[in-house]
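J.: Structure in C-alpha cells, see below.
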Amino acid sequence: MIELKGINKIYDDGFQALKDIDLTFEEGKINVLIGPSGCGKTTTMKLLNRLTDYTDGDILIDDQNMKQINPFELRRQMGYVIQNIGLFPHMSIFDNVATVPKLLKWNKHKIRERVDELLNMVNLDPETYRNRYPAELSGGQQQRIGVIRALAAEPSTILMDEPFSALDPISREQLQDELTKLQQEINKTIIFVTHDMDEAIKIADQIILMKDGEIVQKGAPQEILANPANEFVTEFIGEDRLENVLPSIQDMIQSDYPSISLNTTVEQSIQLLSRYQISDIPVVDENGAFNGIVNLFDLLNNKRTDLKTFIHDTLPTITENMDSHRLMQIFHEHKSTVYPIQTKEGNLAGVVERKQLVHLLHQFYMNKSGDSEWSS
Amino acid sequence: MEFITDYVMFWQDEYQSIMTYTSEHLLISFVVIVLSILVTVPLAVYMTKMKNDKIKSLIFNIANIFQTIPTIALLAIMIPLLGIGFAPAVTALFLYALLPLLRNTYTGIKSIDPSIVEAAKGMGFTTMGRLFKIELPAALPYVMSGIRVTTVYIISWTTLAALIGAGGLGDLILAGIGYNDQYMIFTGTLLAIVIALLLDLAFGKLEKKYTNA
C-alpha cells in the first residue's frame, strides 16, 4: 500500500507544485491521477519512484518510509511506462522486456520464459517478435512492449505516465481495453496519469482529480460523475458527460423490497405476493444468498408443488457496483418486473423495479432534451 | 603498356621501402586515432553531464581553434616545442582530431531521445549502468560516424607529417617531388587513398554490426 502524508513540493524557484497532499492509492486497483497541465499529477506520480523528490511530508510504502529504500532498488520494484514509450532502440524486443529481470539478475531460463509469457499476454507471437527491434514495430505494438516491459519483474506497483496519449485513437482504445482486461488477471496497483477524462472514466477504479497542486476530488468514476464536488470538477468533466450519467445502481436499489426464504410454502408465498400486490419476488436461502425469482401466476397455476420448482433465474447477474448503463441494457434485453441486485458475495442486496427504471429513464431524457433546447 | 611494366618494375625495386613508409603511416594514424578516442569520448560523456555551459563552450572553442590552424603551420609550431619526428607529428594530428570526435560524441549522446533516458532511470539503472548499457550504445551511430570521418581526415593529414620528419607515405610523395618521380608521388597518394577507403569500409561494417535500429 502506498500512502502520501502531508506531501509538499516546492521547487528552487519557489513554485509550489504540491500542497499538503494526503492520498492513499488503492491496492490492486487502477488509480488515475487527472487534471489540467501543471496540476501536479505527473509530479505526484514521479515522487513514487523518486524521479522527483518532495520537500516535506512522508511517503509510506507498505508502512515503510520510502526514503529508507535505495532508490535503484525501489525503481526495480515498480513498473514504469512513459508517454513516449522509451524503448531502447539498440536492443531487441527480448532485451527490452528483459531489462529489469536482468538488472535483478534472474537466471536466463526464467527470463526467457517470462518474456515469452508476457509477449503472449499482449498477443504478440514470441517467435515473430522476440528478435525484432523497436523501430520495426508500430506505435501500438511498441507501447504494448512498453507495458509488458514494466510488468516483467512482477512489480506490485506500476506507474504509467500518460502511456496511451501519443497513440492514434484506435490503438489507444485497444490498449485501454487490453489494460483493463490484463488488470483483471494481474491485479496490480496501477497509478495512471492522464489528462483525458474519457480514458479515466473508462479504466479507473479510483479517480484523483487535481488542480494547482491540490486534490480537488477523489472517488470512483461513477461517484465523481454523479456528485461533482465543485464547479471546477463539473467543468473538467464536461457538461456532455454529466448529462449522460445515469444514477448509480446503489442509488436506484430498493433494499426494503420483500423477499421470501427457500422453505416458504407455495401457499404462504401466494398470500405474501397478494398482500404486497406484486407479481414477482426474489428467493433467498437461510444465509441470504440469492436463489432466483418466483412469479405469482406460476404459483397460482400449480398450487400443490414445492416452491423450489418455481424458482427461475433467467436474468444475468446484476451486482451493486455494476455500471448503470449495463443495467439498462439488461433492462432492454430481459423483460421482468423486478431486477434483483446482488452483493459481491452473491447475497440479495435489494431489487430495482421495472416501473422505477422507466420513470428514471423518462426523467433522464426529459432533462437532456430540456437542456439541449436551452443550448440551441 | 610500357607505363605499366615500368610501374611494376618500380614496385619490385621499391617494395621494401614502400612497405616501410606504409607501416610508418599506419602507425602514426593508428596512434593518433586511438589516443583521440581515448581522450574525447570520456570527455564528451563528461561534458553531457556537465551543468556549466561556460566551460563547455570553452572546451569546444579550444578544439575549434586547433581545427582552424593550417595543418602545415601546426606541424611547424611543434618543432620548437617537441622537436622533430614521431611525437610532434602525433601531437599535432591529435589536436586536429579532437573537434570532430568531440562534437560527434557529444551531439550523439545529447541527441538520445530523453524518454529513453527517463525510461532507463525509472527502471532502476544506476548512473554508470545507464551510461554503458543505454546511453553509449544508443549514441554509438553518432560516435562511429565521428570516428569514421576523423579517421579519413587523419590518414590524409598524416602525409604532411613527413614534413617534420615523422615519415610515412608523405616521405614518398616528398621524395617524388624532389626527384620529379611521378611513380613515387602516385604510389604515395594511391596508398593513402586505399588505406583511408579500407578503414572507412571496415568501420562501416563494424557500425552496422553493433547498431541495429
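J.: Within region B:77-156, considering only helices (runs of 4 or more DSSP H) that don't extend past its boundaries, which have at least 2 residues that are touching a residue at least 24 places away in the same chain (Cβ under 8 Å)?
T.: Ranges flagged: B:86-110.
J.: Pick out the one residue from B:LEU99, B:LEU27, B:LEU75 that is crowded, with 18+ Cβ neighbours inside 10 Å, of a type outside the set (Val, Ile, Thr), under 20 Å from the mean Cα position of the chain (by Cα) and more than 30 Å from B:SER111 (Cα to Cα).
T.: One residue alone meets the criteria, B:LEU75.
J.: Among the residues of region A:238-251, is there at least one that is closer than 30 Å to A:MET121 by Cβ, among the hydroxyl-bearing types (Ser, Thr, Tyr) and surrounded by 17 or more Cβ atoms within 10 Å (Cβ to Cβ)?
T.: Within region A:238-251, not a single residue is closer than 30 Å to A:MET121 by Cβ, among the hydroxyl-bearing types (Ser, Thr, Tyr) and surrounded by 17 or more Cβ atoms within 10 Å (Cβ to Cβ).
J.: Any residue at all in region B:58-66 that is over 21 Å from the mean Cα position of the chain (by Cα) and within 14 Å of another protein chain (Cβ to nearest Cβ)?
T.: No, because not a single residue in region B:58-66 is over 21 Å from the mean Cα position of the chain (by Cα) and within 14 Å of another protein chain (Cβ to nearest Cβ).
J.: State which residue is nearest to the chain's Cα centre (by Cα) when the search covers only region A:26-41 and only residues that are of a type outside the set (D, E, K, R) and surrounded by fewer than 20 Cβ atoms within 10 Å (Cβ to Cβ).
T.: Out of the qualifying residues, it is A:GLY28.
J.: So which residues in region B:44-76 are under 22 Å from B:THR151 (Cβ atoms) and in a loop (DSSP other than H, G, I, E, B)?
T.: Selection gives B:ILE69, B:PRO70.
J.: Next question. Checking the structure you have, find out if any residue of region A:92-101 is away from chain B (no Cβ under 14 Å) and crowded, with 19+ Cβ neighbours inside 10 Å.
T.: Checking region A:92-101: not a single residue is away from chain B (no Cβ under 14 Å) and crowded, with 19+ Cβ neighbours inside 10 Å.
J.: Considering region A:45-72 alone, what residues qualify as being closer than 21 Å to A:GLN16 by Cβ and not in a loop (DSSP other than H, G, I, E, B)?
T.: Correct list: A:MET45, A:LYS46, A:LEU47, A:LEU48, A:ASP56, A:GLY57, A:ASP58, A:ILE59, A:MET66, A:LYS67.
J.: Continuing with this model, one more query. Go through region A:45-59 and count every residue that is in contact with a strand residue (DSSP E or B) (Cβ under 6 Å, 6 or more places away or on another chain) and not aliphatic (A, V, I, L, M).
T.: Final tally of qualifying residues: 6.
J.: For residues that are aliphatic (A, V, I, L, M) and touching a strand residue (DSSP E or B) at 6+ places or on another chain (Cβ under 9 Å), tally how many sit in region A:174-185.
T.: Residues flagged as aliphatic (A, V, I, L, M) and touching a strand residue (DSSP E or B) at 6+ places or on another chain (Cβ under 9 Å) within region A:174-185 amount to 1.
J.: Got at least one residue in region B:138-160 being buried (at least 17 other Cβ atoms within 10 Å of the Cβ), modelled with pLDDT under 90 and on the phi > 0 side of the Ramachandran plot?
T.: Within region B:138-160 (the criterion being buried (at least 17 other Cβ atoms within 10 Å of the Cβ), modelled with pLDDT under 90 and on the phi > 0 side of the Ramachandran plot), the answer is no, since none of the residues qualifies.
J.: So, one more: Within region A:22-76, how many residues turn out to be among the aromatic types (Phe, Trp, Tyr) and within 11 Å of chain B (Cβ to nearest Cβ)?
T.: 1
J.: Please indicate, with yes or no, whether at least one residue in region A:73-93 is among the small types (Gly, Ala, Ser) and in a strand (DSSP E or B).
T.: yes
J.: For region A:297-348, enumerate the residues that are exposed (fewer than 11 other Cβ atoms within 10 Å of the Cβ) and among the basic types (Lys, Arg).
T.: Within region A:297-348, A:LYS303, A:ARG304, A:LYS335, A:LYS344 qualify.
J.: Does B:SER156 fit the bill of being more than 10 Å from every other protein chain (Cβ to nearest Cβ), under 30 Å from A:PRO101 (Cα atoms) and not basic (Lys, Arg)?
T.: no
J.: Could you tell me whether region A:169-190 includes any residue that is closer than 9 Å to A:VAL32 by Cα and not basic (Lys, Arg)?
T.: yes
J.: Can B:ALA166 be described as away from chain A (no Cβ under 14 Å), more than 24 Å from B:VAL45 (Cβ to Cβ), assigned to a loop (DSSP other than H, G, I, E, B) and in contact (Cβ under 8 Å) with a residue 12 or more places away in the chain?
T.: So B:ALA166 fits the description; yes.
J.: For region A:154-174, what are the residues that are surrounded by fewer than 23 Cβ atoms within 10 Å (Cβ to Cβ) and in contact with a helix residue (DSSP H, G or I) (Cβ under 6 Å, 6 or more places away or on another chain)?
T.: The answer is A:ILE158, A:LEU167, A:SER171.
J.: Tally time: how many residues in region B:107-134 are surrounded by 21 or more Cβ atoms within 10 Å (Cβ to Cβ) and modelled with pLDDT of 90 or more?
T.: 9
J.: Looking at (1) free of Cβ contacts under 8 Å to residues at least 12 places away in the same chain; (2) at positive phi, which is the only condition A:GLU231 fails?
T.: All conditions are met except number (2).
J.: Tell me which residues, restricted to region B:174-213, are within 14 Å of chain A (Cβ to nearest Cβ), touching a residue at least 24 places away in the same chain (Cβ under 8 Å) and charged (D, E, K, R).
T.: Within region B:174-213, just B:GLU207 meets the criteria.
The values are calculated or read from the model by the stated rules, or taken from the named source; none is laboratory data. Everything numeric here is computed off the predicted structure, so don't read it as measured data. Cβ: placed from backbone, ideal geometry, glycine included. Neighbour counts: every protein chain shown.
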